[in-house]
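The values are calculated or read from the model by the stated rules, or taken from the named source; none is laboratory data. Model, not experiment: these values are computed from the prediction. Ideal geometry is used to build each Cβ from the backbone, glycine not excepted, and the neighbour counts take in all protein chains shown.
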Amino acid sequence: MELFFLGTGSGVPSKERNVSSLVLRLLEERGTTWVFDCGEGTQQQILNTNIRPRRIEAIFITHLHGDHIYGLPGLLSSRSFQGGESPVTVYGPRGLKEYIDISLQLSGTNLRYPLYVEEVQEGELFEDEQFVVEAVKLEHGLESYGYILKEKDKLGELQPEKLKELGIQPGPLYQTIKSQPQTKLEDGRIIHRNDVLGPPKRGRKIAIFGDTRYLPELVNFLEGADLLVHEATFAGGEEDMARDYYHSTVKQAATLAKKAGVGELILNHLSSRYQGDAVEQLSEEAKNIFPNTIIAYDFYRHQVKRS
């Protein structure tokens, strides 16, 4: 499970940062990719990576400001010409379906794959055998959401020493035993899977928040989170400006991470006013409150660990 930041700036592209887009690569988990926001130029950013649009399974839009959606019609269109045939579901606020439908209709775009658009409300979006995903309402003037991904616990590792004690030697039978709750051996014995497995692997929990004012109550959604991705449009000391523009400061994001006890904090969506040494100062501000903080930059890759 890897996060790949394609755009980490706010408002408009700059020489240092493109506008918002983040990819969650789930290649080992399910062989697919999830995209969070799709600002202008996302396609161009992808060209500089080994990300394959045909692997995109889901796109999550936090809100409908242009710096988060202007790249979406182009990406959906180009995917048809890049071998993408599997379905794609796009999640986002009210108005998203109209935006996509009009963009594709007026440009005469016909997709070669099924496209589904789900306009979300706060609460659970979907659950399958691997993940539960829910939307959390934020505060940004326009309707804005954060997305919380909960990976389900995985089976523990098979314990070969326990099987050998039972007289079962290594071979294909090991995989059979792990793949089903119980297995009947040729001699009639029944092997219960839980008796020969180690402890389960706890699933990871990630919170990817869109643009928002500082909301202390978001702590309630972050219990047990291994990673929080949060906007940090402004430096500390600019809380009034942040509130006026429905954004957060670096210190506010770090404070939320500390109060919630998350494992790691990644800050993005920086204003273009912060370049070079100014970004280092933002990093110091955040780490003084929450030491395990990273400020993302374009093309930054991050393996999601269990905290």
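Descriptive notes on the structure:
- Residue pairs meeting the criteria (Cβ under 6 Å; at least 6 apart or on separate chains; first touching a residue at least 24 places away in the same chain (Cβ under 8 Å), in the range 180-193; second surrounded by 10 or more Cβ atoms within 10 Å (Cβ to Cβ) and of a type in the set (Val, Ile, Thr)): Ile191/Ile177; Ile191/Thr183
- On inspection, Ser80 qualifies as more than 24 Å from Val133 (Cβ to Cβ), touching a Phe, Trp or Tyr at 6+ places or on another chain (Cβ under 8 Å) and surrounded by fewer than 20 Cβ atoms within 10 Å (Cβ to Cβ).
- Selected residue (criterion: nearest to the chain's Cα centre (by Cα)) from residues of the range 170-196 that are more than 27 Å from Leu26 (Cβ to Cβ) and part of a loop (DSSP other than H, G, I, E, B): Val196
- Residue pairs whose Cβ atoms lie under 7 Å apart, separated by 6 or more positions or on different chains, with the first residue in the range 60-73 and under 15 Å from His269 (Cα atoms) and free of Cβ contacts under 8 Å to residues at least 60 places away in the same chain and the second part of a loop (DSSP other than H, G, I, E, B) and of a type in the set (S, T, N, Q), are Asp67/Ser10; Asp67/Ser20.
- Against the test of being over 23 Å from Arg306 (Cα atoms) and either at pLDDT 90 or above or of a type in the set (D, E, K, R) (or both), the options Gly203, Gly123, Gly210 yield a single qualifying residue, Gly123.
- Extreme residue, nearest to Leu64 (Cα to Cα), among residues of the range 110-159 that are of a type in the set (Lys, Arg) and buried (at least 16 other Cβ atoms within 10 Å of the Cβ): Lys137
- The residues of the range 46-62 that are crowded, with 19+ Cβ neighbours inside 10 Å and closer than 10 Å to Arg25 by Cβ amount to a single one, Arg55.
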